[in-house]
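Peer 1: So that we are looking at the same thing, I have put the structure below in structure tokens.
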Amino acid sequence: MNQPRSVIRGAAPRLLASALALSFVSAFAQTSSTDEPEKKDNTVKMEAFSVTGSRIKRIDDETPQPVVRLTEADFKATGFSTLGDALRAMPAASGSSLNPIASGTSFTPGVNSFNLRGLGNNNTLVLINGRRAAPFASAGFNGFQSVFDFNSIPASALESLEVLKDGASAIYGSDAVAGVVNIKLKKNYTGFATELSFGNTFGTDSNERSGFLMFGTHHDKTSVMMTFDIQRRASLYARDLSYARSADGSTLGGLDQRSTSTPIAGVRGLTGLPQFPNGRATFLTPQTNPTLANAVNATPLYDFNEDQQWTPETFSYGFYSRGSYDFSDALSAFAEVSFRRSRTGIDSAPVPYVALQELGDAPSGLGMMPANNPYNPFGQPIFDLRWRMRDLGNRLQDVIADSPRMVFGLEGKIPGGDWTWEGALNYSKNTVTTLSTTTSDRLVQNALNGVTIDGVLKYANPFGPNDPAVIKYLRIVNPNYDEFEVRGADFSASGPLFNLPAGAVEMAGGLEMRTERMKNIGTALNRESQIVGGSTGSDTYGDRRLYSAYAELNLPVLKNSPAGSLEMQLAGRFESYSDFGETTKPKAALVWRPVPEVLVRGSYGESFLAPNLAFLYTTQSVSFTSNTLADPLRPNDPRVQIRQFGGGNPNLQPENTKVYYLGVVVQPFARSKDSPLRELSFSADYYKFNQSDLINRPSASTILTNPGIFGHLILRNPPVAGETVGTISGVVTTWQNISRGEYEGYDFNVRWVSPKYHWGKLRVDLSATYLDNYEQSDTLGNLLDGDADYLFPLLRGNATLAWSKGDWAASLFVNYVGPYTTIGSGIAGLPDVKRQVTLNPQISYRGFMNCNLTLGVRNALNSNPPLDLSSTSLVNTNGVNSTEPAFWYFRIGREF
């Protein structure tokens with residue numbers, strides 16, 4: 001970094017951050033004048049609308065469902081530039097969420113996901129305008145989970161975002177286990193608007209630039225709107241951040257996580273050489289002609305954080321369009337067409353070649369450096385060679401994700417009544433093309449053996465600089481292509497059935513048909529486990545078709561009675577899948593208002609997660625256990641490495657969850673029309689998830705030591721004469737429905753909106769989630785106590801204070817992530833991961849040349865993420881905590 005830039009970043013921006021931090025506290029602040037929100041609220045309540053969690057349109061926005069709503073203005077006020085970042089700041093988020101930070105070695109590089117309740121990134125259903133969209137084509141986490149990528153959403157077209165924090169399979173079907181995220185994009189817009197935004201981190205350089213254009217028109221019976229947007233962000237490296245600069249945690253009371261695979265290779269397992277009593281050897285400097293005399297007895301270590309990218313370079317662009325045409329007052333047509341491309345450039349530390357983990361020419365079938373290699377001075381084959389191949393350069397991945405989406409539909413009113421209906425065809429697709437710069441086991445083994453290039457025999461030299469021709473020979477670009485396609489058709493209708501003394505019984509019902517198709521296509525190198533530093537890869541070819549029918553009733557039981565008002569919701573959904581069969585899930589909920597100041601709500605529902613396609617249809621892979629294992633039924637046999645068969649399991653059944661919810665909302669001054677505290681409310685909710693039939697994969701060791709449970713997964717040869725049990729030919733380590741889980745906790749919220757005074761208007765919003773119990777079972781079904789377990793903080797919260805007056809608004813979003821233990825890492829005795837508090841202040845002005853000007857800072861106090869001394873990078877909290885350094889941004893926009 002040049003000195004002038006450092007001086008500027010070290011003074012002026014910090015004064016700016018301090019000044020903004022004194023302004024106010026907000027996560028979902030208003031950026032417009034105080035008059036507009038009041039007018040918008042009054043307009044919405046005059047006509048029926050639907051809230052996520054119910055298909056029935058209503059006027060009252062209080063439903064049995066606990067729904068959090070984030071408007072476009074709220075999202076912008078958080079300061080975040082992606083929807084995924086804003087969602088992960090919610091207190092109800094827990095566990096690890098996939099995001100682009102440190103994603104270089106993940107199955108889903110560059111993806112931006114959300115983990116509601118900590119039940120898993122694939123346990124939350126994501127809707128766009130109430131309909132499903134294709135998930136990220138590359139399966140995440142363990143390479144089998146389908147997760148949604150929020151990078152595929154055009155944030156410039158956002159109207160609002162609703163998060164249902166309750167299971168809803170009875171309404172929406174599979175995936176709605178932890179809840180539902182419904183992203184509502186703009187449907188009507190008249191005029192022209194544009195916005196530009198730019199910003200950067202303090203003290204480092206990860207500049208971000210974005211902009212969008214939006215225009216729309218409404219004429220007679222036709223309405224059309226469209227947005228175009230583009231965003232680019234530079235990368236950030238671990239060496240630029242004080243907390244991520246080194247993987248050596250020993251000075252902090254943790255472990256030294258540096259790698260034994262070093263640019264000057266280390267050798268282990270030497271025999272017969274007394275100058276190396278521990279069998280270890282290396283060189284202190286690169287050797288073009290390594291000799292035994294120059295070798296030293298040592299265990300070298302490499303700090304990969306020196307070369308590791310922290311946040312990738314990203315570039316995305318796309319458009320969203322919607323049009324409608326009114327044939328009459330009772331019939332309209334609509335269409336939505338969008339496309340988005342997200343490109344991620346990932347730069348990881350050079351690939352490590354560990355001969356004992358790669359395929360090669362050793363008698364064991366693994367890699368080796370032969371004794372006749374001229375760069376081998378030890379006079380014997382080297383089977384334990386650990387070489388960081390820095391001459392090849394960093395591992396590069398160019399990831400391109402395309403997301404086209406189309407919806408065409410009709411909607412209208414049934415003549416002679418209050419019923420409305422809607423039907424549509426929809427298509428969405430996500431494709432991910434990944435080009436990885438790397439090398440293969442075979443090429444490295446060939447180069448260690450000696451390979452003829454341009455008529456000259458050349459060898460790889462792990463101990464010093466390599467001939468450029470050898471490096472060119474080793475370097476390859478390995479392509480992978482993934483695709484996930486969703487096609488659907490739906491029809492729904494809603495309206496009143498008949499009247500009860502307390503009011504009309506409302507009903508909604510519908511039919512849906514959907515097909516899903518997934519392809520993960522690697523190369524022969526992936527399938528044969530030939531990628532250095534990579535595991536065995538398998539292709540996936542799978543598809544399913546499903547049909548569903550659902551119905552929902554809203555029953556007014558009491559209204560204005562001495563016991564107050566009581567409303568009941570009953571819902572059920574039947575689904576038939578082409579792969580595993582049929583399932584039916586119910587839900588029942590109540591809303592009771594004994595007095596106007598108090599609302600009590602509760603629900604019970606059953607949800608399910610259909611097996612993700614990769615769990616079912618990934619092709620079979622064959623490997624051997626890393627350790628030798630004993631056969632419990634043949635105790636006299638020697639321990640051996642066991643062949644194991646992995647891949648998908650087409651016999652999997654859905655994961656099932658029972659969801660309980662109970663809450664109370666108190667608005668103590670609801671009937672005091674002139675009280676400044678009329679809009680003060682308190683809420684507390686209890687939630688519980690009981691899960692069964694969770695998909696998990698038992699290890700070969702677990703299978704062999706529990707033959708009574710997993711005997712059907714042990715493959716044996718026929719017994720020969722004199723034997724009662726044959727020898728083991730292999731074990732099946734595919735996925736099984738064998739685990740369970742229990743999760744329960746509490747949500748709290750305090751909210752107050754002041755009247756409009758001469759000094760402006762104030763809004764306060766405090767939210768928190770307390771995780772009271774988190775338990776997951778092992779592959780034997782035994783629940784493991786997980787209170788405050790790894791990546792699951794007991795307490796999360798955020799605070800909001802937003803002020804606005806006329807053309808001015810100020811806000812500050814405060815996010816709190818509580819501490820949690822490192823028990824789940826399997827390393828005992830390490831200190832807890834500490835709490836973290838981040839502040840995102842912002843100030844806005846409307847009026848300068850009719851422009852909207854916004855200046856803000858994310859993580860204004862530059863709060864470093866807490867150290868995780870069990871992690872190889874010392875900061876493995878990026879899926880839970882904020883790891884972004886202080887970042888300033890400026891936006892300028894105008895409507896015409």
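The values are calculated or read from the model by the stated rules, or taken from the named source; none is laboratory data. Small disclaimer: the values here were computed from a predicted structure and weren't measured. Note that we place each Cβ from the backbone using ideal geometry, even for glycine, and neighbour counts take in every protein chain shown. We work out accessible area using only protein heavy atoms, side chains counted, and drop any ligands, DNA or RNA first. Shrake-Rupley method; radii C 1.70, N 1.55, O 1.52, S 1.80 Å.
Peer 1: Here are some residues: F319, F334. Which one is at pLDDT 95 or above, of a type in the set (F, W, Y), open to solvent by less than 20 Å² (accessible area, probe 1.4 Å) and not in a loop (DSSP other than H, G, I, E, B)?
Peer 2: Working: F319 fails: open to solvent by less than 20 Å² (accessible area, probe 1.4 Å).
Exactly one residue qualifies, and that residue is F334.
Peer 1: Okay, next question. Going by the conditions given, is L158 open to solvent by less than 10 Å² (accessible area, probe 1.4 Å), under 27 Å from G879 (Cα atoms) and in contact with a helix residue (DSSP H, G or I) (Cβ under 7 Å, 6 or more places away or on another chain)?
Peer 2: Working: open to solvent by less than 10 Å² (accessible area, probe 1.4 Å): yes; under 27 Å from G879 (Cα atoms): yes; in contact with a helix residue (DSSP H, G or I) (Cβ under 7 Å, 6 or more places away or on another chain): yes.
Against the criterion (open to solvent by less than 10 Å² (accessible area, probe 1.4 Å), under 27 Å from G879 (Cα atoms) and in contact with a helix residue (DSSP H, G or I) (Cβ under 7 Å, 6 or more places away or on another chain)), L158 qualifies.
Peer 1: Another question, then. Pick from region 402-436 the residues that are assigned to a strand (DSSP E or B) and over 26 Å from F148 (Cα atoms): which of them is most open to solvent (accessible area, probe 1.4 Å)? First the steps, then the outcome.
Peer 2: Our first condition is that a residue be assigned to a strand (DSSP E or B); within region 402-436, this holds for 402-413, 420-436.
Retained after the next criterion (residues that are over 26 Å from F148 (Cα atoms)): 410-413, 420-421.
Values: L410: 76, E411: 64, G412: 13, K413: 119, T420: 36, W421: 61 Å².
By that ranking, first place goes to K413.
Peer 1: Here are some conditions: (1) free of Cβ contacts under 8 Å to residues at least 40 places away in the same chain; (2) open to solvent by 60 Å² or more (accessible area, probe 1.4 Å). G711 meets all but one. Which one does it not meet?
Peer 2: (2)
Peer 1: Mind checking which residues of region 500-539 are part of a strand (DSSP E or B) and touching a helix residue (DSSP H, G or I) at 6+ places or on another chain (Cβ under 6 Å)?
Peer 2: Step one: of region 500-539, the residues part of a strand (DSSP E or B) are 500, 503-521, 531.
Result: M518, I531.
Peer 1: Next question, about the same structure. Can you tell me which residue among G143, G118, G84 is in a loop (DSSP other than H, G, I, E, B) and open to solvent by less than 10 Å² (accessible area, probe 1.4 Å)?
Peer 2: Working: G143 fails: open to solvent by less than 10 Å² (accessible area, probe 1.4 Å); G84 fails: in a loop (DSSP other than H, G, I, E, B).
G118 is the lone residue from the list that is in a loop (DSSP other than H, G, I, E, B) and open to solvent by less than 10 Å² (accessible area, probe 1.4 Å).
Peer 1: Please work out if D307 is surrounded by fewer than 17 Cβ atoms within 10 Å (Cβ to Cβ) and under 31 Å from the mean Cα position of the chain (by Cα).
Peer 2: No, not satisfied.
Peer 1: Just to be sure before I move on: is V640 free of Cβ contacts under 8 Å to residues at least 24 places away in the same chain and of a type in the set (A, V, I, L, M, F, W, C) in the structure I sent?
Peer 2: Working: free of Cβ contacts under 8 Å to residues at least 24 places away in the same chain: yes; of a type in the set (A, V, I, L, M, F, W, C): yes.
Here the answer is yes, as V640 does meet what is asked.
Peer 1: May I ask you to say which residue of L784, L771 is in a strand (DSSP E or B), open to solvent by less than 50 Å² (accessible area, probe 1.4 Å) and out of contact with any Lys or Arg (no Cβ under 6 Å at 6 or more places or on another chain)? Outline the logic, then answer.
Peer 2: Details: L784 fails: open to solvent by less than 50 Å² (accessible area, probe 1.4 Å).
After ruling out the rest, the residue left standing is L771.
Peer 1: Out of D441, D482, I need the residue that is under 30 Å from A362 (Cα atoms), touching a residue at least 40 places away in the same chain (Cβ under 8 Å) and either aliphatic (A, V, I, L, M) or buried (at least 21 other Cβ atoms within 10 Å of the Cβ) (or both). Which one? Please lay out each step first, then the result.
Peer 2: On the way: D482 fails: under 30 Å from A362 (Cα atoms).
None of the others qualify; the one that does is D441.
Peer 1: Give the residue that is surrounded by the most Cβ atoms within 10 Å (Cβ to Cβ), with candidates limited to residues of region 657-708 that are small (G, A, S) and part of a strand (DSSP E or B). Talk me through it step by step, then tell me what you get.
Peer 2: Step one: of region 657-708, the residues small (G, A, S) are 663, 670, 672, 675, 681, 683-684, 692, 699-701, 708.
Still in the running and part of a strand (DSSP E or B): 663, 681, 683-684, 692.
On the way: G663: 21, S681: 19, S683: 18, A684: 15, S692: 15.
Here the answer is G663.
Peer 1: Moving to a separate point now. Where the second residue is in a loop (DSSP other than H, G, I, E, B) and surrounded by 18 or more Cβ atoms within 10 Å (Cβ to Cβ) and the first is aromatic (F, W, Y) and lies in region 738-766, which pairs have Cβ atoms under 8 Å and are six or more apart or on separate chains?
Peer 2: Y743/R117; Y743/G118; Y743/L119; W752/L680
Peer 1: For the list (1) open to solvent by 10 Å² or more (accessible area, probe 1.4 Å); (2) at pLDDT 95 or above; (3) not hydroxyl-bearing (S, T, Y), I need the number of the one condition that G367 fails.
Peer 2: For G367, the failing item is (1).
Peer 1: In region 182-208, which residue that is assigned to a strand (DSSP E or B) and polar (S, T, N, Q) is most open to solvent (accessible area, probe 1.4 Å)?
Peer 2: To start, the set of residues in region 182-208 that are assigned to a strand (DSSP E or B) comprises 182-185, 191-201, 208.
Among the residues that remain, those that are also polar (S, T, N, Q) are: 182, 194, 197, 200-201.
Values: N182: 13, T194: 39, S197: 21, N200: 16, T201: 0 Å².
Residue satisfying both the conditions and the ranking: T194.
Peer 1: Tally up the residues in region 459-475 that are surrounded by fewer than 16 Cβ atoms within 10 Å (Cβ to Cβ) and not in a loop (DSSP other than H, G, I, E, B), please.
Peer 2: Within region 459-475, the subset surrounded by fewer than 16 Cβ atoms within 10 Å (Cβ to Cβ) is 465, 468-469, 472, 475.
Cutting the leftovers down to not in a loop (DSSP other than H, G, I, E, B) gives us 468-469, 472.
Count: 3.
Peer 1: Quick one: in region 537-575, of everything that is open to solvent by 60 Å² or more (accessible area, probe 1.4 Å) and under 34 Å from the mean Cα position of the chain (by Cα), which residue is nearest to W592 (Cα to Cα)?
Peer 2: My answer is L570.
Peer 1: What number goes with the only condition from (1) surrounded by 20 or more Cβ atoms within 10 Å (Cβ to Cβ); (2) assigned to a loop (DSSP other than H, G, I, E, B); (3) modelled with pLDDT under 95 that F615 does not pass?
Peer 2: All conditions pass for F615, except number (2).
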